[in-house]
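Data block below; observations after.
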Amino acid sequence: MSAGQVRIVTRFEVSRTIRRPQFWVAALLLPAVLAVMVAVLTWAGTNTPAASEQISFEYADDSGLISETAAAQFGGRPAGQDAEQRTKDGQLVAYLHFPADPTTDPVEIHAKDRGLVHNADYTALARGLYTASVDTTLDTSTAALVRAIPATTIHAYADGEPAGGLGAMILPGLLAVLLLLIVTLLGNQMLNSTVEEKENRISEMILVSLPARALIQGKILALAVLGLVQIGIVALSGVLIYAIAAPGMDLDFLGIGDIVVDPLRVALGLALLLGGLLTLTALLVLAGAAMPSAKDAAPFYSTVVIVMIAPFYFITAVLFTPASPMVTILTFFPVSSPMTALLLNATGALDPWVGAGIAIGLFVVGALILRLAVAAFQRGVIQYDQRLRLKDVLPLGA
């Protein structure tokens, strides 16, 4: 096998794929969805309903705490005769009856129905009036102290150094998103990369001029190039969408702050990403090589994706109890390991030495599976009308 043969296969696979419309549809679909979502959010933000009009109401006060001045500011006045009945008859919008002890007994509210959502405005009105009335019995400084919520500044440390917080999770977390994107966008192509030639019955002719190892390696390199193209499209589109939408969107509520670059966590995340991609790609290529048709191979793609994203089903345990048995199993099981390890690395819960061991293990497992894929493709050329079993492949892969 020569490097030239691998380059020929890579060039052919890349050129053949980028000429297909479905490749560009898949690459542009996610940016299009993101653009639509941002446009809808921006439109919703600029078309929020105006503040509701002040509610006209009457009130009765058994507690002696309600201030007439405060009530007038809220649009209310002391209750007249038969206020409750007039509310039922539709002559009065709302009638509030404050009990003798509002700390233990509820405020009774009789009001015109404004719908499930806006009926909550009556509760807010009663609470606001009560709070404003109590504040009138206190001096300004005491009222400010009672209502104030102390601000806090957290200084967290890890190994004697300031912890990066949420800002340090951004870059390692994006690597987990990147793994999900690559497998989602290219997973089917990984699976069909070997089954296509078998299904078209041209694999025998290909192997006359190319060894199976060169063919498989060329296809995997082509997948890597295509993955970079698609991820580049998504990344550039994301930056463009952000640049256009950022001036009209308030992102401060996310509380991200400045992005902190932790070289160790980023490097470890890259190693886990590459090792995970090798393992998952080799597994899908093996499944394609062992199946007689794309229809037979399709269920394996769904299975691999479901197991790969299994950490999201247990995200609470991953975030809050990373040492639990379930998270440990997900961390060291080869298919779910890449995503779990990337999430733990993003939160800082993954020990660097353990993470390095997982990354090395993924590369080793991926290389072994890739060797089995080559053997399966060689055997599948001969036995192309039925599925291969493990015992059919192991002698050739040994």
Legend entry - Thr194 vs. criteria at pLDDT 75 or above and among the hydroxyl-bearing types (Ser, Thr, Tyr): no
Inset, instruction - Would you point out which residue out of Leu368, Leu342 is under 21 Å from Leu284 (Cβ atoms) and surrounded by 22 or more Cβ atoms within 10 Å (Cβ to Cβ)? - result: Leu342
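Within the range 122-143, identify whether any single residue is within 40 Å of the chain's Cα centre (by Cα), farther than 21 Å from Ala72 by Cβ and not in a strand (DSSP E or B), and answer yes or no. So that I can check it myself, show each step before the final result.
Of the residues in the range 122-143, the ones within 40 Å of the chain's Cα centre (by Cα) are 122-128.
Restricting the remaining residues to those that are farther than 21 Å from Ala72 by Cβ gives none.
No: zero hits.
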Inset, instruction - Answer yes or no: is there a residue in the range 266-285 that is surrounded by fewer than 21 Cβ atoms within 10 Å (Cβ to Cβ), of a type in the set (Val, Ile, Thr) and modelled with pLDDT under 75. - result: no
Inset, instruction - For the range 296-341, please list each of the helices (runs of 4 or more DSSP H) lying entirely inside it that holds at least 1 residues being within 22 Å of Gly275 (Cα to Cα), in the same structural domain as Leu186 (by TED's automatic domain parsing) and at pLDDT below 90. - result: 310-313, 315-320
Inset, instruction - Name the single residue, out of those in the range 350-365 being within 25 Å of the chain's Cα centre (by Cα) and crowded, with 18+ Cβ neighbours inside 10 Å, that is farthest from Met169 (Cα to Cα). - result: Leu362
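Answer yes or no as to whether Ala100 is closer than 29 Å to Arg147 by Cβ and either loosely packed, with under 12 Cβ neighbours inside 10 Å or free of Cβ contacts under 8 Å to residues at least 12 places away in the same chain (or both).
yes
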Legend entry - Candidate set: the range 72-97, residues that are aliphatic (A, V, I, L, M) and in a loop (DSSP other than H, G, I, E, B); chosen: the one surrounded by the most Cβ atoms within 10 Å (Cβ to Cβ): Leu92
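Leu344: in contact (Cβ under 8 Å) with a residue 12 or more places away in the chain, farther than 23 Å from Gly187 by Cα, among the hydrophobic types (A, V, I, L, M, F, W, C) and assigned by TED's automatic domain parsing to the domain that holds Met190, yes or no? Show your work before the answer.
Values: in contact (Cβ under 8 Å) with a residue 12 or more places away in the chain: yes; farther than 23 Å from Gly187 by Cα: yes; among the hydrophobic types (A, V, I, L, M, F, W, C): yes; assigned by TED's automatic domain parsing to the domain that holds Met190: yes.
It is true that Leu344 is in contact (Cβ under 8 Å) with a residue 12 or more places away in the chain, farther than 23 Å from Gly187 by Cα, among the hydrophobic types (A, V, I, L, M, F, W, C) and assigned by TED's automatic domain parsing to the domain that holds Met190.
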Legend entry - Long-range neighbours under 9 Å by Cβ, at least six apart or interchain, first residue under 16 Å from Leu34 (Cα atoms) and in the same structural domain as Leu180 (by TED's automatic domain parsing) within the range 232-253, second modelled with pLDDT under 65 and in a helix (DSSP H, G or I): Gly248/Gly45; Gly248/Thr46; Met249/Gly45
Legend entry - Scope the range 113-134; condition under 18 Å from Ile66 (Cα atoms) and either free of Cβ contacts under 8 Å to residues at least 60 places away in the same chain or of a type in the set (A, V, I, L, M, F, W, C) (or both); matching residues: Thr123, Ala124, Leu125, Ala126, Arg127, Gly128, Leu129, Thr131, Ala132, Val134
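The values are calculated or read from the model by the stated rules, or taken from the named source; none is laboratory data. These figures come from a predicted structure and were not determined experimentally. Positions of Cβ are generated from backbone atoms using ideal geometry, with glycine treated the same way; all protein chains shown enter the neighbour counts.
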